[in-house]
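What follows draws every value from the coordinates through simple rules; no lab data is involved. Please read all numbers here as calculations on a predicted model, not as lab measurements. Here the Cβ is made from the backbone with ideal geometry for all residues, glycine too, and neighbour counts use every protein chain on show.
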Amino acid sequence: MNTLRLPLAWLLWLALCATIWGAFFYAPPAEGFIGESSRILFFHVPAAWASFVMFFAAGIWSARYLFGSRQPRHDHAAQAAIELGLLLCILAIVTGALWARIMWGAYWNWDPRQVWITVALLFYGAYLALRSAVPDPETRRRLSSSYAVLGLIVAPFLFFVLPRMTGFSLHPEPVLNQQGKIEMNPRMLQVLLLGSVGLTALSFWIHNLRTRVLVLWEKREERAYDELLASGSQQSTGLNSEPTTAPTTTAPTAGLET
Amino acid sequence: MKRRDSSHQPQPRPAQQHTWFRETAAIFLKEWRCELRTRYALNTLFLFAITTLVVVSLSLGPLGVATAERTTVLPVLLWVILLFAVISGLPRTFVHEEETRTAIALRLSASPTAIFVGKSAYSLSVVLALEAVVTPLFSAMMQLPIANPGLLALALALGGYGLAVGGALVAAIIAQARSTGTLFAVLALPILLPLLVLAIFISRAAIAGDGAGDALTQLLLYDATISAAGLLLFPTIWNP
Amino acid sequence: MKRRDSSHQPQPRPAQQHTWFRETAAIFLKEWRCELRTRYALNTLFLFAITTLVVVSLSLGPLGVATAERTTVLPVLLWVILLFAVISGLPRTFVHEEETRTAIALRLSASPTAIFVGKSAYSLSVVLALEAVVTPLFSAMMQLPIANPGLLALALALGGYGLAVGGALVAAIIAQARSTGTLFAVLALPILLPLLVLAIFISRAAIAGDGAGDALTQLLLYDATISAAGLLLFPTIWNP
Amino acid sequence: MPTSPPPVESSITGSVEGPGTKTSSRSLRFQSLVRSFGRLPVLRGVSGEVAGGGTLLITGSNGSGKSTLLQCLAGLLAPDRGSIHWIEEGRELSAEERRQSIGFAAPVLSFYEPLTTLENLELFSGLRGVPPQRGQELLERVGLPLSRPAGALSSGMAQRLRWCFALLHSPTLLLLDEPFQNLDAPGRRVGAELLQEHLDQGGMAVIASPELDELRGISHHIRERIHLDP
Amino acid sequence: MPTSPPPVESSITGSVEGPGTKTSSRSLRFQSLVRSFGRLPVLRGVSGEVAGGGTLLITGSNGSGKSTLLQCLAGLLAPDRGSIHWIEEGRELSAEERRQSIGFAAPVLSFYEPLTTLENLELFSGLRGVPPQRGQELLERVGLPLSRPAGALSSGMAQRLRWCFALLHSPTLLLLDEPFQNLDAPGRRVGAELLQEHLDQGGMAVIASPELDELRGISHHIRERIHLDP
Ligand code: HEM
Ligand SMILES: Nc1ncnc2c1ncn2[C@@H]1O[C@H](COP(=O)(O)OP(=O)(O)OP(=O)(O)O)[C@@H](O)[C@H]1O
Ligand SMILES: Nc1ncnc2c1ncn2[C@@H]1O[C@H](COP(=O)(O)OP(=O)(O)OP(=O)(O)O)[C@@H](O)[C@H]1O
Ligand SMILES: [Mg+2]
Ligand SMILES: [Mg+2]
């Protein structure tokens, strides 16, 4: 695997370069869009897709944590995925908003697509809020994982079902529309797919790094904790009646609080 | 599946599906007993619902909204009122247990599934009661004729079910967090929002008198998935 | 008047108005501390504002309200949101103290007046913070131009004050209702109702750009009376 | 579950004075206190007296009304009938003054769980106008960690915190309901010391406990005793 | 917050068997349990064992982790490391079966205040599939009024109710945390009797208390003891 890592990285780099090049020189500007504005598509859609993929992956990792062997790293993976998904989600919204400014005249005009992706943003923002509200690590993992698994249900609704059915939308039909037939200039489609795959791959790479960082932090915590266990002998109970010794006993316990 | 092995455990016990129903019923009864003696959730629920209802109808009035807009705006108002009322009243179901330390006794005595179903049933009954009070009042105050009451009732039932179950699930989650009043809304609203919009759609159709289309099936789907998720997740949320 | 004799009591104590302010400040601080214990409580509050906003504006935005209706409907929704925020915060105010048995320590340590003022001040600060976040967002999201921002700010300030103080009073009443088990929601209704109607009226005037007339003075009057009533009633509610 | 009909007359052996000088002019006297919950009579004419430096013990089986009596004395419950007189230097204290010179510790007392022990005491010292470091002194005295959330305390630690709360503002009357519950030996010792100091400074104490042998360590203080029959 | 380095080795004098016949094949063994709260280590490798008819006593100063240990055994807390084995007739019990054969009484336990004592017990007997009159029997046994709201109980009455809750479904393992707190002499006697009967029927008991002398009346049962160093 490690031997593959470098070539893969290069491949990814090439793919991304190709996307950027293709977006501006290979693919023709889509008809029906003002000027060259349609070229943002190649960054807008992949971002949206990748964010959804990340959210979904987070749900799966959380499920593995809950119903598997409760290994913290799965929870870390879920957290990292959601953080990344939020970032990509914001990218999709911003690129979309820029595009909307050109196409529809305003950055924000309550298009169902905009609304629902914002709700998705809030949903996973709430995930972080929840994590911050639970002091005990074990409980935090349990609760936040459960919430992320709930996301497996909610996210598809927010990304795909509701935007399609919530009344009239300016937002273009998806590439793969209800009839399942692809209506798009093949060159555009090629670039779009390349970009989507590329960005998703990049996201997973970053995600991998982020997860490892989180795991390392956990390890550091545990080491500090084990040292605590080892150095326990110096500490006395902290519950003795002599006022003279009290400060020395309370000081370390004060240090323990996190 | 947890319940299965309970059948061959030391002291003799009745057949399992009976125990399951018995437990659920016991929880449901307990909730209502406690509530009827303290009336706390009911107080907040109805306080909010009635206040907003009266305020809205006073400050919009039957004439406040152009007749063209009414079918668009009024269902929205109705459901916003219901949603907020439920959210301001429901979290009690679980937070209260943790804060008054009764959760321990419950954990020891009942199976998670029974607890979840029992409490959801309780919340559902409260929500339905609320709807039964609010909706007629609302349509009366706003002089809003309803073309298809049956459909509206269906929307209220399905939407209320989703609110109750989803709300109970999120309440269970925040009960173990350091739950500030706002956290519940933050977690619950995004989950309940799709529900809300679907319900609004159907209510509109009911008021206008045209068909609900696939919104109904989607609402059903949402309810079903939420319930399934609840049954699946609650044990992991509830048990340490 | 209770505070007066506290000046010549056994152990030496600072001058009375100082003690009064000190106690209030201590309560106020305590509330915030308990709230901020969750690391991102403020973010949660912010998220709360946004989420509720999205709920409302979604149900109006894409589902559509004619711009003509905006000035009539939107202020109502704005105040419904604020009311919701206050009411979902109600339990933290007094019932929570009773249920977690902290009320006893508080009764022994603080004068009722200080408790009432401190708690009202806390919820006032929350409401104002919320308004500061919600209102600009709201008017931006709904593309709602405000003709007279100064007047709106005034309406928000006065209305928020009324909500906070009235809310505290209602919370105390509900805490009583807990023990007596009566449905006090109806009793609390007249406390909040006129306030909201007035606030909505003024906000509308501010948005539309016409004068608020004597509604402003009425709101002021209301605030004054509710404060007086609170200071007068609370000790009798709070003490055995 | 008090059930036996006749009202109990308290057996008081005259008020006794502890050591210390300023104790002379301080006394708490309650006469024929009556309190019932709904139709359940709990206190049926209980009288007693305690003077500065003295300790009044209240015993009685579970449910005989000890805690109720203490809560009446603390002003947390209003007695149906009967009178409570608290004289300082010949002057009767007002309700508000009493509130500020009473130290109360009881099983029903609990604290703000999100706040740490120190923050809790700082809150109360802020409310009572006591210098904040007083809280820290007491915590170190009873040997509690300063930065542990009150919700995370063990039962004995919580009881220690109740002692701190009661003594925070160095009250003149100490009302202790089962003061030693859940405490280990060192904890009892600190408690006994703290009570001793309180009495030496001329303070008064009323202590309730179902069994006398709960109070080993402080029993030598006790000269007056009221036994409540259920 | 116990902190001394080496895992506390429990001083077990071999598992002891009480009277009764069906006790032989029942035993609870927990090995090197570790549990910490955040970065505060509480249990650091505690091991112990108790067999049918036997009693295991857990002592230790306040904050040494007794209640934490009991909650781990009750399945209310998940230990970070370590194992708990409960064998009945050579078969290991599932988590769910354990839940149904554990009786737990502790200071943290409290009940639905609006409901009366009897209604509370009826609720739990309903949940556990026990005939409802069992609750009434127990209440009369410990001498509690049937129709008093749980929120209106005195401290000692509440403790009696905890005993009833623990024994309601005649569990095979009894976890008692400070079982005699706030009880008067008759209360202690009833408690001791109930424990005796439980053991005679081959039940197991784990009892936690900061001080041994809290347990006068039942100390003769205790043959195994774990002392937790803080
Ligand atoms: C802030 C505004 C916008 C947001 C939040 C947004 C969001 C999204 C999302 C989430 C997707 C992928 C999900 C899906 O395919 O169902 C998407 C796809 C797409 N968006 Fe947008 N969008 C915005 C504005 C626009 C505008 C102004 C245009 C062009 C007029 C546009 C054109 C497209 C196209 C062509 C797709 C690909 C359809 C597909 O294959 O799914 N978007 N957008
Ligand atoms: N709020 C209440 N409502 C109704 N009855 C109450 C209330 N508080 C106490 N009682 C009843 O009053 C009686 C005395 O209660 P109290 O707490 O004073 O007893 P106690 O002497 O402290 O007993 P213990 O030794 O168990 O603490 C009990 O029977 C109790 O049930
Ligand atoms: N939820 C929690 N969060 C953080 N720390 C906790 C929590 N619960 C207990 N602790 C800490 O764990 C330690 C052991 O608590 P535990 O209740 O087990 O002590 P204990 O042996 O029962 O003491 P006591 O005799 O006073 O009951 C204490 O220091 C306590 O502060
Ligand atoms: Mg008592
Ligand atoms: Mg303990």
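Membrane-span-like helices in chain E (whole DSSP H runs, Cα extent of at least 20 Å along the helix axis, mean Kyte-Doolittle hydropathy of at least 1.6): none found.
Shown for B:W32: label points 7 Å from Cα along the beta-carbon vector, and their distances to the equivalent points in the other copies, 4.6 nm in ascending order. With a Förster radius of 30 Å applied to the C-beta separation of A:I20 and B:A224, the computed FRET efficiency comes to 0.10. Between copies, the label points at D:E89 (set 7 angstrom from Cα along Cα-to-Cβ) are spaced 8.0 nm, reported in nanometres from shortest to longest. For chain E, the extents of the C-alpha atoms along the principal axes are 51, 39, 33 Å, listed from largest to smallest. Charges were assigned to the Cβ only: +1 to each Lys and Arg, -1 to each Asp and Glu. The resulting dipole of the protein assembly as shown about its Cα centre is roughly 860 debye. One Cα centroid belongs to segment C:91-136, the other to segment B:166-240; the line between them spans 30 Å. For A:F160 and A:F33, the FRET efficiency from 1/(1 + (r/R0)^6), where r spans their Cβ atoms and R0 equals 22 Å, is about 0.45.
With helices as the sole contributors, the protein assembly as shown gives -20000 deg cm²/dmol at 222 nm; each DSSP H run of n ≥ 4 counts as -39500 (n - 2.57), and the sum is divided by every residue.
Here the Karplus relation 6.51 cos²θ - 1.76 cosθ + 1.60, evaluated at θ = phi - 60°, turns the backbone of segment C:70-87 into coupling constants of 3, 4, 7, 7, 4, x, 4, 4, 3, 6, 4, 4, 4, 4, 4, 4, 5, 5 Hz, with x for every Gly and Pro. Quotient of the Cα radius of gyration of segment B:117-175 and 2.2 N^0.38 Å, N being its number of residues: 1.30. Scaling against 2.2 N^0.38 Å puts the C-alpha radius of gyration of segment E:52-136 at 1.31. Over the C-alpha trace of chain B, radius of gyration and Dmax come out as 19.4, 70 angstrom.
Think of segment E:75-200 as having a plus end and a minus end, set by charges on the Cβ of Lys, Arg, Asp and Glu; of E:V190, E:G103, E:G90, E:V190 sits farthest toward the positive end of this dipole.
Note on segment A:1-151: the C-alpha convex hull projects to 11.3 nm² when averaged across all orientations. Pairs of lysine residues in the protein assembly as shown that meet both criteria, 8 or more places apart or on different chains and Cα atoms under 29 Å apart, total 11. Counting only DSSP beta bridges with both residues in the protein assembly as shown, the antiparallel share comes to about 55 percent. Global size of segment E:102-209: 12.6, 36 Å for Rg and Dmax (C-alpha atoms, Rg to one decimal, Dmax whole). For trypsin sites (Lys or Arg not before Pro), no site in segment A:22-72 is both called loop by DSSP and has at most 15 other Cβ atoms within 10 Å. Between E:R81 and B:F21, take the C-beta separation as r, use R0 = 30 Å, and let me know the FRET efficiency to the nearest 0.05. With a Förster radius of 30 Å, E is 0.20.
Of the three principal axes defined by the Cα atoms of segment E:161-230, the extents in descending order read 34, 26, 20 Å. Computed from the alpha carbon atoms alone, the convex hull of the protein assembly as shown holds 183 Å³ per residue. Three semi-axes describe the equivalent ellipsoid of segment B:93-219; taken as square roots of 5 times the Cα gyration tensor eigenvalues and ordered largest first, they are 33, 14, 14 Å. One equal scatterer on each Cα of segment A:1-53, no solvent, Debye formula: the resulting log10 I(q)/I(0) at q = 0.31 Å⁻¹ is -1.09. Each copy carries E:S147; placing its label point 7 Å along the C-beta direction from Cα gives inter-copy distances of 5.5 nm, listed from smallest up. Any idea how far the Cα center of segment E:136-209 sits from the one of segment A:22-41, in Å? When both Cα centres are located, 78 Å separates them. Cβ crowding within 10 Å ranks B:L187, D:L175 as D:L175, B:L187, fewest other Cβ atoms first.
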